[in-house]
1. Would you please report the Å³ per residue occupied by the convex hull of the alpha carbon atoms in the stretch 162-274?
2. With springs connecting C-alpha atoms under 10 Å apart, model the chain as a Gaussian network and identify which of Asp300, Asp78, Asp198 has the largest mean-square fluctuation.
3. Under 9 Å from the Cβ of Val309, count the other residues' Cβ atoms, weight Lys and Arg +1, Asp and Glu -1, and hand me the total.
4. Counting DSSP beta bridges in the stretch 1-148, what percent are antiparallel, to the nearest 5?
5. Suppose every K and R has +1 on its Cβ and every D and E has -1 on its Cβ; what is the size of the dipole of the stretch 1-152 about the Cα centre, in Debye to the nearest 20?
6. At q = 0.33 Å⁻¹, what is the log10 ratio I(q)/I(0) for the stretch 198-241, with the Debye formula run over Cα points and no solvent?
7. So how tilted is helix 137-156 from the main axis of the chain? Cα-based, degrees 0 to 90, rounded to 10.
8. Compute the Rg to Rh ratio over the chain from the alpha carbon atoms, using the Kirkwood formula for Rh, and round to two decimal places.
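Just so you know, all these numbers are worked out from the coordinates, no wet-lab data involved. On a predicted model such as this, the values are computed, not experimentally measured, just so you know. Methodologically, a virtual Cβ is constructed for each residue, glycine included, from the backbone with ideal geometry; neighbour enumeration extends over all protein chains shown.
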Amino acid sequence: MRILVTGSAGHLGEALMRTLRVSTDPPVGIDIKASPFTDHVGSVIDRAFVRECLRGVDAIVHAATLHKPHIATHSRQDFIDTNITGTLNLLEEALAAHVRCFIYTSTTSVFGRALVPPPGAPAAWITEEVTPIPKNIYGVTKYAAENLCELFHRSCGLPCVILRTSRFFPEDDDEHAARRRFDSDNLKVNELLYRRADLEDIVSAHLLAIGQAPALGFERFIISATTPFTQEELPTLRADAASVVRRHFPHFESEYARRGWSMMAGIDRVYVNDHARARLGWAPRYDFRAILRLLADGQDYRSPLAREVGAKGYHAQTFAEGPYPV
């Protein structure tokens, strides 16, 4: 099976290309940036370019996107052009090229305002049943592209799988308060409890989706590390996260103390991956328990693939206030 990967110069795109190059027919990587993992340089906005790149392709993984970090540097029209029109071009040309399936990399950011409960309420339990309430142009355009995928499945029969990925990028957090309060690695390990996944696990979910899309037809999945928390713990989790974490991992604080790390005071949402584990057979390896074992052994908490891809940044320039302007 020949697979086309859009956004092949990005974090996920490069990871997919690295993996596919050793496990399947040579994949095709496209991106607006030249890179060792980009076979064709061009934009998904250019339909003629998309058409040419799809020759002989059996499956599409559409990872190219404008991200939240681009909100302050790109116009709303740029987001519409790339995230919506680009997806539409790929879907229409996929039909014309008789592509077998379409995997769309979406984001948990589509949930938007549904992620943060009002003060005093328990933490939010986020499953695929939660109705998205996008709060910015990024979320709006990603959700619109998801709905285009559903339309093409319902009306044209194209198998489409939506993967709503949680955080997996290695860059520093965009919130100044979070950067001031936590070491970057400390924050990322904390987030593996409820809103982050390792890049290797994100890739494995995409590979499973490619194989199962024809049988699934259309599905949406939350792709995030398996949380240890239960719904009964949500009230306490919002008010006193450390006490809940201690219940599951009695020795986590000693491991944290060795590094001068701390747990956040409260956690406001929990991403639930039950559906992906049940329907895709996805078995993410890098959850909080596994990371604690790696840390105790003096190892890097990131997967080998995540370390190979490394940090890329989102802009050519740097910003005084953080990894990108907010």
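1. Numbers: hull volume 13.2 nm³, N = 113.
Given the Cα convex hull of the stretch 162-274, per-residue volume reads 117 Å³.
2. Asp300
3. My count for the surroundings of Val309 gives +1.
4. Values: 0 of 14 bridges.
Roughly 0 percent of the DSSP beta bridges within the stretch 1-148 come out antiparallel.
5. Numbers: 13 positive and 15 negative charges, 56 e Å.
Dipole size: approximately 280 debye.
6. Log-scaled intensity ratios, in q order: -1.15.
7. 50
8. Working: Rg = 19.5 Å, Rh = 20.3 Å.
We get a ratio of 0.96 for the chain.
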